[in-house]
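See structure below.
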């Protein structure tokens, strides 16, 4: 394919993966260009409906989950980058068939709506939360009216932009192939990020999300939240809305075990580089999370063994001893 001042050419691909190219000009440029450029490419012969393989960015949510997708259209790509001008141009110029593509998935069963909900990855998200949110919602508004907001991909995962999709009829308690809800996903994908906005959790719970839903490993959202010491407020919110601190996963661990066994505070990735927690941050966050989890279950939970005979009190002693060794080793290097 060539993009020049005169013309654009493309591959009219078969739906078989081996015969599909790795992106037409229209597909590759639709992530960034505006309405006029998309129109120009179509005027010069670009096929709006051409399907191709697509290599995701390293930071994309989709990058590690599945094989390289095929049957990807320019509408998928422009949706993933929340490029509403390109999406609008494709909808305007695609004829009746483009409306059908809103409900047609790629080789993994993902609609343009799924691609928009996943987004391009963290490298695209140095914008402010307000800017990112406005771009996402604008893209979803264009895509929702021709899509099933509860449609799942081949793994049963749906698109979620919380309040917007919930207000447009999305099922807050829909589960995926491993019995996880949006609350699970929110908890699992926050390890290196900022504290979760509990207003988003409240939206989900208010629309029917079940807080004590256990996935196939027995994890509730609280088990996953407890592994991230930055999420004390989110843990407290779940408990205030009925999260059961006594539920255990396959190895007999409660959320308290998970808090003391699994995690420290991971460093945060920001546009200015990594931000590393101090020793005082770690210890304070651990104390706060333990206090929140014991607030309902009481101190007796500290001596509740898992199937390996480990109690939270024992795990706490091991963790503090490990941190002390780290701190001594770091001090010696300085």
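The values are calculated or read from the model by the stated rules, or taken from the named source; none is laboratory data. If you're wondering where the values come from, they're calculated on a predicted model, not measured in any experiment. Counting neighbours? That spans all protein chains shown, and the Cβs are built from the backbone with ideal geometry, glycine included.
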Revision key, fill the gap. Looking across the range 228-247 at residues that are part of a loop (DSSP other than H, G, I, E, B) and buried (at least 20 other Cβ atoms within 10 Å of the Cβ), the single one that is modelled with the lowest pLDDT is 228
Review point. When residues of the range 79-101 are filtered for being farther than 13 Å from residue 37 by Cα and either outside any helix (DSSP H, G or I) or out of contact with any helix residue (DSSP H, G or I) (no Cβ under 7 Å at 6 or more places or on another chain) (or both), how many remain?
Key: 9
Review point. If you take the residues in the range 202-227 that are in contact (Cβ under 8 Å) with a residue 40 or more places away in the chain and assigned to a helix (DSSP H, G or I), which one is nearest to residue 188 (Cα to Cα)?
Key: 224
Check your understanding: Going by the structure shown, is residue 57 modelled with pLDDT under 85 and either within 15 Å of residue 138 (Cα to Cα) or outside the structural domain of residue 185 (by TED's automatic domain parsing) (or both)?
Key -> yes
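Those residues that are more than 32 Å from the chain's Cα centre (by Cα) and free of Cβ contacts under 8 Å to residues at least 40 places away in the same chain, I need them from the range 319-334; list them, please.
Within the range 319-334, the first condition is being more than 32 Å from the chain's Cα centre (by Cα), and the residues that meet it are 321, 324-325, 327-334.
Residues satisfying the conditions are 321, 324, 325, 328, 329, 330, 331, 332, 333, 334.
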Study note, to complete from the structure: Of the residues in the range 295-312 that are touching a residue at least 40 places away in the same chain (Cβ under 8 Å) and part of a helix (DSSP H, G or I), the one that is farthest from residue 240 (Cα to Cα) is 312
Check your understanding: residue 200 is checked against (1) within 21 Å of the chain's Cα centre (by Cα); (2) closer than 19 Å to residue 176 by Cβ; (3) at pLDDT 85 or above and fails just one. What number does that condition carry?
Key -> (3)
Exercise for review: Scan the range 17-28 and give yes if some residue there is modelled with pLDDT under 90, within 16 Å of residue 87 (Cβ to Cβ) and either in the same structural domain as residue 105 (by TED's automatic domain parsing) or in a loop (DSSP other than H, G, I, E, B) (or both), otherwise no.
Suggested key: yes
Check your understanding: For the range 177-193, does any single residue satisfy the condition of being assigned to a helix (DSSP H, G or I), within 20 Å of residue 312 (Cβ to Cβ) and touching a residue at least 40 places away in the same chain (Cβ under 8 Å)?
Key -> yes
Study note, to complete from the structure: For residue 256, the lone unmet condition from (1) at pLDDT 80 or above; (2) surrounded by fewer than 23 Cβ atoms within 10 Å (Cβ to Cβ); (3) over 20 Å from the mean Cα position of the chain (by Cα); (4) under 27 Å from residue 309 (Cα atoms) is (2)
Practice item. Hey, could you check the range 42-54 for residues that are buried (at least 19 other Cβ atoms within 10 Å of the Cβ) and in a loop (DSSP other than H, G, I, E, B) and say which is modelled with the lowest pLDDT? Key: 54
